[in-house]
Amino acid sequence: MQSFSARHLLGIKDISSTDIETIFETADNFKDVLNRPIKKVPSLRDITIANVFFENSTRTRLSFELAEKRLSADTINFSSSNSSVKKGETLVDTVNNILAMKVDMVVMRHSSPGAPHFLSRHIQANIVNAGDGTHEHPTQALLDAFSIREKLGDVTGKKVAIIGDILHSRVALSNIFCLQKLGAEVMVCGPITLLPKYISSLGVKVELDVKKALEWCDVANVLRIQLERQQIKYFPSLREYSLYYGINKQLLDQLDKTIVIMHPGPINRGVELNSDVADSEHSIILQQVENGVAIRMAVLYLLASAK
C-alpha cells in the first residue's frame, strides 16, 4: 500500500491525486471490515483522537466518532457550546489544553475559513478538517467521489453537476478540487445570486438552467440551501427556489438517460429534492453515509501511519 504524503488533511487543494487514490484503496479495505460481523480492527489502538467541534454537526461528527471506534482509537469529544471558549479562551489555548492530555490527532470543525490551517502551524498533532466555514470539507468530497467510483466504476471522464447553494457551501469547493484531480468534468448550477463571482476561474462550466444541467450530467450532487449562513435574501422564497431549481421525479423522467442523484445532507425535502427523488433508485444518498465511515477510517489510519 502506498503511503500518504501529507501530515494533515486540511483541504483537497493540499493533497495529490495519488493521495486520493491511496485513501480510496484503504477505504475499500475498511469497507470490507464494516460489512463483517465484527466491525472493529485494532489499527489505532494506541492513538487518542479529539473531536473538536466549534460548530454544530450531526452526520459528520457521528461518522468520525464511529470511524474512530471501529479503529479502536480512544476518543474525547469537545463542544464549544459548553466550554471555556464562552469565557474568551483562544482557539490555540483551547486546543493546547486538550493536547496537554496527550492527544495524537484533532478532528476539527470551525465556522472560520482557514482555522485548521492556522492551527496546524501552532500544534504538533495531526489535524483533520471536518469543515471550516464556507471554505472546505475534504472528507465529504472524498466520500462523494468514492461513492461515484463505487456506483459508476470510475470518476475519470464522468460529468458531475453540483446544483444549489454554491456560494455558502464548503462541500462544493472541495468537490470541485477532488473531481478535477480525478479527471471528471464539473458543472455548477444555481441561481446567479448563489454562484460565487470567482467560480468560472476554477475551470468549471456554469449553468443557470437546472434542466440543461441534468441533461448534461452523469451525476447530480444536489446541495442544501443554507439559510443559516445567508445574511440577506438571495432569492424571493423557498417555494420559488423549489419551482425553478427543485428536482422531482417528473424532471428526471423527461431525461433520455438515468443519472445518479447525490446529496451531502441534511436534505430540505420539497425544496432542493422531492422525496420521490431522494428515496428513488436514482439516489445513492444512504450509500454516501455508509461510505463516509470507511473514508474517515482510511484518512485517520493513513495520517496515524504517516507519523
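What the table shows:
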quantity	calculated
Matching residues in region 248-266 - criterion: being farther than 20 Å from Phe146 by Cα and within 21 Å of the chain's Cα centre (by Cα)	none
Verdict on Ser242 being under 21 Å from Thr139 (Cα atoms), out of contact with any Lys or Arg (no Cβ under 9 Å at 6 or more places or on another chain) and among the hydroxyl-bearing types (Ser, Thr, Tyr)	no
Cross-chain or 6+ apart pairs with Cβ under 6 Å, region 282-307 first and of a type in the set (Phe, Trp, Tyr), then surrounded by fewer than 19 Cβ atoms within 10 Å (Cβ to Cβ) and modelled with pLDDT of 95 or more	Tyr301/Ser43
Unique residue being in a helix (DSSP H, G or I), closer than 29 Å to Lys40 by Cα, in the same structural domain as Arg61 (by TED's automatic domain parsing) and not aromatic (Phe, Trp, Tyr) when the list is Ile98, Ile148	Ile98
Every residue from region 28-41 that is within 18 Å of Ala304 (Cα to Cα) and either in a loop (DSSP other than H, G, I, E, B) or touching a Leu at 6+ places or on another chain (Cβ under 8 Å) (or both)	Lys40, Val41
Number of positions in region 129-144 that are among the acidic types (Asp, Glu) and either over 15 Å from Ile295 (Cα atoms) or assigned to a loop (DSSP other than H, G, I, E, B) (or both)	2
Breaking point among (1) surrounded by 12 or more Cβ atoms within 10 Å (Cβ to Cβ); (2) at pLDDT 95 or above, for Thr94	(2)
Residues of region 35-60 that turn out to be surrounded by 18 or more Cβ atoms within 10 Å (Cβ to Cβ) and either among the aromatic types (Phe, Trp, Tyr) or closer than 19 Å to Leu286 by Cβ (or both), as a count	3
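Conditions (1) buried (at least 24 other Cβ atoms within 10 Å of the Cβ); (2) of a type in the set (S, T, N, Q); (3) out of contact with any His (no Cβ under 9 Å at 6 or more places or on another chain); (4) at pLDDT 95 or above, marked per residue:
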site: Lys102; (1), (2), (3), (4): no, no, yes, no
site: Val107; (1), (2), (3), (4): yes, no, yes, yes
site: His110; (1), (2), (3), (4): no, no, yes, no
site: Arg121; (1), (2), (3), (4): no, no, yes, no
site: Gln124; (1), (2), (3), (4): no, yes, yes, no
site: Asp132; (1), (2), (3), (4): yes, no, no, no
site: Leu142; (1), (2), (3), (4): yes, no, yes, yes
site: Phe146; (1), (2), (3), (4): yes, no, yes, yes
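The values are calculated or read from the model by the stated rules, or taken from the named source; none is laboratory data. Here the structure is a predicted model, which means the values were calculated and not measured. Please note: Cβ atoms are built from the backbone with ideal geometry, for glycine as well, and neighbour counts cover all protein chains shown.
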